[in-house]
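Visitor: Here's a structure for you.
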Ligand code: SF4
């Protein structure tokens, strides 16, 4: 295991655009996980900039997932190293008008392409025909999120070796408390292909994110000026009151431990 770890690090040092999976595929599942854990440990106290730099230097086929304030911070950091960084965003068809304008604002501000992913129209039509436009209030968000977010994301991730997310531990004490700065994405890796997920802002607080946004003139969603903190789809997002946790503005009719839309399904703790 140590030898493998050494080889991985050596490969990184040689800047050979390492595919962790190419090396790790020769090992058992537990040793792969151990090596990523070692990497996560090594980088857990490094700055988000150092983590993004590492990710971009070691993976060509990597993209940033963009929807919220954290993700624009990542784009801002990444474009300082790589002007043509790959970015994608999920257009569920249920976003606020302000969010669509925000996506466009970011595209223009950084002069980048944003791959805006749409859900399968037939699946959406079937869901709406059978259950209406607001079925999630009655039987939970998983079915709708599955069609509008998870399937398009899965199709995108299958083309990548790694992705970068804006997850922070303090976004949700119930589901994100253990988010490492780098991990194997168990939700979207396949038998044939391992996917690596970087979470450079894992240890940042909301205050850290907003300090960066203010200091670097980073664009942000106009909804933040109306009391919204964590912003998703319009029917499933609401503004929060002072001292309410940001996650209370998402799927407020559901139990806190289940408040993940499937993009980070590995965070959801199974009920015993
Ligand atoms: S957040 Fe709400 S509207 Fe958006 S995909 Fe999930 S359930 Fe559907």
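The values are calculated or read from the model by the stated rules, or taken from the named source; none is laboratory data. Keep in mind it's a predicted model, so treat the numbers as computed, not measured. Heads up, the Cβs are rebuilt from the backbone with ideal geometry, glycines too, and the neighbour counts pull from every protein chain shown.
Visitor: Test residue 156 against the criterion of being within 16 Å of the ligand (Cβ to nearest atom), closer than 30 Å to residue 34 by Cα, at pLDDT 85 or above and not in a loop (DSSP other than H, G, I, E, B), and give yes or no.
Guide: yes
Visitor: Let me ask something additional. Quick one: count up the residues across the range 179-229 that are loosely packed, with under 13 Cβ neighbours inside 10 Å, free of Cβ contacts under 8 Å to residues at least 60 places away in the same chain and part of a loop (DSSP other than H, G, I, E, B).
Guide: Residues flagged as loosely packed, with under 13 Cβ neighbours inside 10 Å, free of Cβ contacts under 8 Å to residues at least 60 places away in the same chain and part of a loop (DSSP other than H, G, I, E, B) within the range 179-229 amount to 4.
Visitor: Can residue 181 be described as closer than 28 Å to residue 248 by Cβ and touching a strand residue (DSSP E or B) at 6+ places or on another chain (Cβ under 8 Å)?
Guide: Criteria met by residue 181.
Visitor: Only residues that are under 19 Å from residue 71 (Cβ atoms) and outside any helix (DSSP H, G or I): list them for the range 36-53, please.
Guide: 47
Visitor: If I ask for residues that are at pLDDT 90 or above and over 15 Å from the mean Cα position of the chain (by Cα), which ones from the range 165-191 would you list?
Guide: Once the filter is applied, which keeps residues that are at pLDDT 90 or above and over 15 Å from the mean Cα position of the chain (by Cα), the range 165-191 yields 190, 191.
Visitor: Can you find a residue that is in contact with a helix residue (DSSP H, G or I) (Cβ under 7 Å, 6 or more places away or on another chain) and under 17 Å from residue 65 (Cβ atoms) anywhere in the range 119-136? Spell out the reasoning first.
Guide: Pass one, the range 119-136, residues in contact with a helix residue (DSSP H, G or I) (Cβ under 7 Å, 6 or more places away or on another chain): 119-120, 123-124, 127, 134-136.
This time we only want the ones that are under 17 Å from residue 65 (Cβ atoms), so: 119.
Checked against the condition, which is being in contact with a helix residue (DSSP H, G or I) (Cβ under 7 Å, 6 or more places away or on another chain) and under 17 Å from residue 65 (Cβ atoms), the range 119-136 yields at least one hit.
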